[in-house]
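Q: First the structure, which I've put down as structure tokens, then a few questions once you've had a look.
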Amino acid sequence: VAGTGTVTAAISNAGLIHATGSTLLLVGGITGAGTLAIDPAAKLELNGATAQTVAFNPGTLANGTLVGGTLKIDTASNYTGTVTGFAPADTIDLANLIISTASIAGDTLIANISGGGTQAVALTGAFGADILKVTGDGATGTDLILYRLAQPSNATPNPLNFGQVHLNAPETQALAIT
């Protein structure tokens, strides 16, 4: 199955279910050894229970903006699978929870629920310089958006030497940028 739309029945997935373009809503539970995939700018919404792996495909650059995909989990406790490929600009929407803060510890996204408790989502990947933006999803839940902080370089720039320049004296020198 690939594309957009709504599937209301329970699914036994032994292959790939792929959200492309817009929203693919899976209402029933999903079993089997298959994988669920999300393209940039697409949304996969899970309404039923599943333990399947969800794979975010790499984001794309559109008009200077990185575009990621969205995994919307209608009932967070119903998702017990692992998320792979979660990268900057991707979003996990925990649609039934109001989250106060969130962090990534090792291979686990830990969302602190407003009013008490936590919700964990298993991840695979390296998240050392990444942070999560916690924001309302426009309804009754919370979007967790991954961002990567810019890291300083260990490179030291070479100083430019323009020689002995005196005020009001013209000076030219070739400059090579590498």
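Q: Which FRET efficiency value, to the nearest 0.05, do you get for residue 10 and residue 63 by plugging their Cβ-Cβ distance into 1/(1 + (r/R0)^6) with R0 = 30 Å?
A: On the way: r = 40 Å, r/R0 = 1.33.
Efficiency computed from Cβ-Cβ geometry: 0.15.
Q: Can I ask one more? For the pair residue 23/residue 140, report the inter-label distance in nm, with labels modelled 7 Å from Cα in the Cβ direction.
A: 1.5
Q: Take 90, 107 and sort them by solvent-accessible surface of the protein heavy atoms, 1.4 Å probe, largest at the top. Before the final figure, lay out the partial values.
A: Values: 90 0, 107 85 Å².
Of 90, 107, the descending order of accessible area is 107, 90.
Q: Then there is this: With all protein chains present, how much of the accessible area of segment 59-144 (probe radius 1.4 Å) comes from carbon and sulfur, to the nearest whole percent?
A: Details: 1920 of 3790 Å².
Its accessible area is 51 percent carbon and sulfur atoms.
Q: Follow-up question, since we're still on this one. State the answer as a single residue: which of 140, 51, 66 lies farthest towards the positive end of the charge dipole of segment 27-161, with beta carbon charges of +1 for Lys and Arg and -1 for Asp and Glu, about the Cα centre.
A: Toward the positive end, the furthest listed residue is 66.
Q: Which whole-number percent is the relative contact order of segment 1-42 (Cα, under 8 Å, 6+ apart)? Walk me through the numbers before you get to the answer.
A: Working: 93 pairs, mean separation 18.7, N = 42.
Over segment 1-42, the number comes to 45 percent.
Q: Kirkwood Rh over Cα pairs of segment 10-78 into Stokes-Einstein at 37 °C, 0.692 mPa s: D in µm²/s? It would help to have the intermediate numbers written out before the result.
A: Values: Rh = 12.3 Å.
Result for D is 267 µm²/s.
Q: How many angstrom separate the Cα center of segment 51-66 from the Cα center of segment 104-127?
A: 19
Q: What's the magnitude of the charge dipole for segment 39-122 around its Cα centre, counting Lys and Arg as +1 and Asp and Glu as -1 at the beta-carbon? Answer in Debye, nearest 20.
A: Values: 2 positive and 6 negative charges, 12 e Å.
It works out to roughly 60 debye.
Q: What is the gain in length, in nm to one decimal, between residue 148 and residue 2 on full extension, counting 0.36 nm per residue of separation less the C-alpha to C-alpha distance? Write out the running numbers ahead of the final one.
A: Details: separation 146, 0.36 × 146 = 52.56 nm, distance 2.94 nm.
The span from residue 148 to residue 2 would gain 49.6 nm if fully extended.
Q: While we're here: Just the accessible area for residue 27, please: 1.4 Å probe, Å², rounded to the nearest 10?
A: Probe radius 1.4 Å; accessible area of residue 27 about 50 Å².
Q: With contacts defined as alpha carbon pairs under 8 Å and 6 or more residues apart, what's the relative contact order of segment 8-136 in percent? Don't skip to the end; give the middle numbers.
A: Numbers: 334 pairs, mean separation 22.0, N = 129.
The normalised contact order for segment 8-136 reaches 17 percent.
Q: For residue 97, list long-range residues whose amide hydrogen, built 1.01 Å from N in the peptide plane, is under 5 Å from its own amide hydrogen.
A: 142
Q: With r defined as the distance between the Cβ atoms of residue 96 and residue 31 and R0 fixed at 25 Å, what FRET efficiency is calculated, to the nearest 0.05? Don't skip to the answer; put the middle values down first.
A: On the way: r = 22 Å, r/R0 = 0.87.
The computed FRET efficiency comes out at 0.70.
The values are calculated or read from the model by the stated rules, or taken from the named source; none is laboratory data. Owing to the predicted nature of the structure, the values given are computational and were not obtained by experimental measurement. Cβ sites come from the backbone with ideal geometry, for glycine too, and all protein chains shown count toward neighbours. Keep in mind that these areas ignore ligands, DNA and RNA; they rest on the heavy atoms of the full protein, side chains included. Shrake-Rupley method; radii C 1.70, N 1.55, O 1.52, S 1.80 Å.
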